[in-house]
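Taking it in order: structure first as structure tokens, then the write-up.
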Amino acid sequence: MIASVISSLALAGLAAARVQYLGVSIAGGDFGCTINGSCPLSSSQLPLGSGFGGDGEAQMQHFTKDNTMNIFRLPVSWQFLVNNTLGGPLNTANLASYDRLVQSCLSTGASCILDIHNYARWNGGIIGQSPSGPTDADFISLWTQLATKYAKSPNLLFELMNEPHDLSLAVWSTTLQKAITAIRTAGATQPILLPGTNFSSAAQLLPSGSGDALLKLTNPDGSTDNLLVALHKFLDEDNSGTHSECVTNNTIAFGEVATFLRNAGRKAIVTETGAAPGNPLCVVYFCEQNAFINSNPDVFLGLVSWGAGSFNTDYLLSQTPFWEGGRFVDHPLMAQCVVGTWIGSTAGGR
Ligand SMILES: *[C@@H]1O[C@H](CO)[C@@H](O)[C@H](O)[C@H]1NC(C)=O
Ligand SMILES: *[C@@H]1O[C@H](CO)[C@@H](O)[C@H](O)[C@H]1NC(C)=O
Ligand SMILES: *[C@@H]1O[C@H](CO)[C@@H](O)[C@H](O)[C@H]1NC(C)=O
Ligand SMILES: *[C@@H]1O[C@H](CO)[C@@H](O)[C@H](O)[C@H]1NC(C)=O
């Protein structure tokens, strides 16, 4: 009796040994953005098929039906949403385009991450840290409007900003706190994903002090409910995701972050990671990394790889599926290391 209770508990533990959310970025709305926060509207390619970019809507249907994915990240530039008017209202036509992507994501039954892909900047200026702007108020205006629009959509998550870098972490923390307060005040209770500096690198979360700074942020009621850390990490020598060589499986970095989060009773989502599909060592390291993330589901809530959407299938880190014989076929790297380590992980782990 006792033995059978223990063994069924053990089985339940094993079955849960994978992250709750698995998916991929459906990129394109961010195309043209550089790390100084310049995002020319002419380069934006929202993945809405003809007239825009890749067919992200069909890709999401494929990923949910054939790969049982349940989360997608939808990058977009700040400039696109307000049609280049800093601090201005959301542009009706551009918001409608972005919302079409959001709604097609939600219609698959998946959760969807809104991602403002601006590196904590607008056209070279750092939010709240540059004399000529953008100001905190400009950023709060953006998120207040988004939170108001989407307050009633339960399956959304808000990644406040993609990859802040080269800024004052102390000041950035105050900016993030204002954004959290504004979103909650607008009536939105969804998860908020908090990005640290150094491009939100998992390896820099602790050395940079971002981990401590992010965990201090709170909801207006003082709680930390639905406040999650956003983590990014690539496998190349400078963590840029621009090299075809991989140098690490990142398990030391993710292991240290896991311990940190576990001790604090907090969680993170890995919202960007990827590797070059053509490199055998990358396949080994990427599979090892993702298996490791899946084996720590108490602290890592999800894993979102990079990237599909408007990327061509030959982009260095492409996970855009091939269209062959009237159906989508995944990159082997995605099949093996993203989907495989997740589905396969039900049989093993902690
Ligand atoms: C965006 O602003 C430009 C310049 O003011 C204007 O020409 C264009 O029509 C606007 N686009 C939309 C979608 O409103
Ligand atoms: C941002 O970087 C891009 C690419 O390096 C460059 O063309 C652009 O002039 C820069 N913009 C600002 C405002 O610094
Ligand atoms: C992290 O960011 C800080 C501040 O911008 C910078 O000084 C440091 O060199 C960065 N570390 C790495 C590993 O890029
Ligand atoms: C990650 O790489 C290190 C060094 O090669 C290795 O010792 C470790 O077993 C790998 N981790 C996993 C989860 O495979």
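Since every read-out is calculated from the coordinates, none of them should be taken as a lab result. This is a predicted model, so every value here is computed, not measured. Methodologically, a virtual Cβ is constructed for each residue, glycine included, from the backbone with ideal geometry; neighbour enumeration extends over all protein chains shown.
Quick one: is D166 assigned to a loop (DSSP other than H, G, I, E, B) and either within 16 Å of ligand 2 (Cβ to nearest atom) or crowded, with 19+ Cβ neighbours inside 10 Å (or both)? Yes; evaluated as a whole, the condition is true for this residue.
Any residue in region 198-209 that is touching a residue at least 12 places away in the same chain (Cβ under 8 Å) and either touching a Pro at 6+ places or on another chain (Cβ under 6 Å) or part of a helix (DSSP H, G or I) (or both)? Among the residues of region 198-209, not one is touching a residue at least 12 places away in the same chain (Cβ under 8 Å) and either touching a Pro at 6+ places or on another chain (Cβ under 6 Å) or part of a helix (DSSP H, G or I) (or both), which makes the answer no.
Criterion first (surrounded by fewer than 17 Cβ atoms within 10 Å (Cβ to Cβ), hydrophobic (A, V, I, L, M, F, W, C) and either within 16 Å of ligand 2 (Cβ to nearest atom) or over 22 Å from E272 (Cα atoms) (or both)) does A147 satisfy it?
No; evaluated as a whole, the condition is false for this residue.
Got a sec? Which of I113, I26 is away from ligand 3 (no atom under 16 Å from the Cβ), in contact with a Cys (Cβ under 8 Å, 6 or more places away or on another chain) and either in contact (Cβ under 8 Å) with a residue 24 or more places away in the chain or assigned to a helix (DSSP H, G or I) (or both)? Outline the logic, then answer.
Details: I113 fails: in contact with a Cys (Cβ under 8 Å, 6 or more places away or on another chain).
Every option except I26 fails the conditions.
All conditions but one from (1) crowded, with 16+ Cβ neighbours inside 10 Å; (2) free of Cβ contacts under 8 Å to residues at least 60 places away in the same chain; (3) over 29 Å from G125 (Cα atoms); (4) away from ligand 1 (no atom under 16 Å from the Cβ) apply to M69; the one that does not is (2). When the strands (runs of 3 or more DSSP E) confined to region 257-350 are screened for residues that are within 15 Å of ligand 4 (Cβ to nearest atom) and more than 18 Å from the chain's Cα centre (by Cα), none reaches at least 1 such residues. Scanning region 83-109 for residues that are under 18 Å from the mean Cα position of the chain (by Cα) and either within 16 Å of ligand 2 (Cβ to nearest atom) or of a type outside the set (S, T, Y) (or both) returns D99, L101, V102, Q103, C105, L106, G109.
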